[in-house]
Each structure stands twice: as structure tokens, then as C-alpha cells.
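Below is one structure, written out as C-alpha cells; the observations come after it.
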Amino acid sequence: MPCVPDALQRALFWVAAGLGIVVVVVVGAWILDEKVIHDGLVVRNVTLAGAAVGGYGPADLEARLAAMAADVADDTLTIDLPQRVIQAANVEVGVALDVTDTRSQVMAAGRSGNLVDQFRSWIMGFVEPRELEERYRYDDATLEAWLADLPDAKLRDPVEPSFS
């Protein structure tokens, strides 16, 4: 007649062995997915400004960023003032998509932080999107020149508030 503790020990051994195998398989899948399959590619489930870019290679990402940069350049900046509304193309006021910074942000998504953060990000990449926003570059000199060219611009230096 088998002893109950022996049966319990065997059951615990097989449970522990099964959990160990599951851990090894999951960690192995993570390493394979991140370091082999998606090496040099955007990780899965990444969206940039609402568009899915997960799995994009360098050429696809560059094409997407070039299209986004052209869209940003064609967009209109609107300044709604009490007296009137001023509109200008982004190019005129010095606003552009920062392609380099945006590319770096997209490629680093899910790959930054310590190993625990990267593993968590990989797991979460299966269930929720990593939503990223594009980065912009502003040229102060171009904006200042555009503001100075406004017909009724009344530009003055900022003044610290004071109480009298």
C-alpha cells in the first residue's frame, strides 16, 4: 500500500518539473522572438500616431516616416485669436516631424528598461498595443521671423508679474 507522503512528494515533484519546463519554454520563446525573429524590426503591436508599424523593417519604417513627414509639412497651423484666425503651413512656421527621434522611439519600444521590464513588455505586446506619438522639431528662428512678418504683430518681451 503506497504511503500518502510519497504520493504527495511525487505529485509536487511533477508539478514543479512542469512549471520549470513552462518557464524555460516561455523564456526561450521570448529570447527567440526578440533576439532572432524581431532583431532589427519594430516589435509587435506598435502603433505610431494610430497606424500599425509592428513588424516593420528599416525600409518600411523609413517609407512610413517619410510619408508622415510630408503630411506634417503640408498640415496647417491655426492660431485662433479673439480678433481673427491666423493660418500658416507648418513649413512656414518651422514645424517638422523629427524623423530621427521618432525612429529611435519606435525602435526602442519594448526594448528599453531592465530584463524584467522587457519581458513584461513582450508579454503585454500580445494583448495591448504600444501606442506611440510622433516627435516634432521646432525651428525658433523661422517661427520668430514668421511672427515678425505678421502685419499687425505687436511683439514684446515677456514681463515678470508683480503686485503693486
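Quick notes on this structure:
- By the helix-only formula, in which each DSSP H run with n ≥ 4 contributes -39500 (n - 2.57) and the sum is divided by residues, the chain has a 222 nm mean residue ellipticity of -15500 deg cm²/dmol.
- Packing-based ranking of 111-118, 43-50, 139-146, 79-86 yields 43-50, 139-146, 111-118, 79-86, ordered from highest to lowest mean Cβ neighbour count within 10 Å.
- With q set to 0.13, 0.19, 0.20 Å⁻¹, the log10 of I(q)/I(0) for the chain, from the Debye formula over equal scatterers at the Cα positions, is -0.82, -1.15, -1.22.
- Simple Cβ-charge dipole of the chain, Lys/Arg +1 and Asp/Glu -1, about Cα centre, in debye nearest 20: 940 debye
- Options T78, V53, A67, ranked by Cα towards positive dipole end of the range 45-98, top entry (Cβ charges): T78
- Taking the average, over residues, of other Cβ atoms within 10 Å as the packing measure, peptides 23-33, 90-100, 7-17 rank 90-100, 23-33, 7-17 from highest down.
Where a number appears in this text, it was derived from the coordinates with a stated rule and is not lab data. This is a predicted model, so every value here is computed, not measured. Positions of Cβ are backbone-derived with ideal geometry, glycine not excepted, and every protein chain shown enters the neighbour counts.
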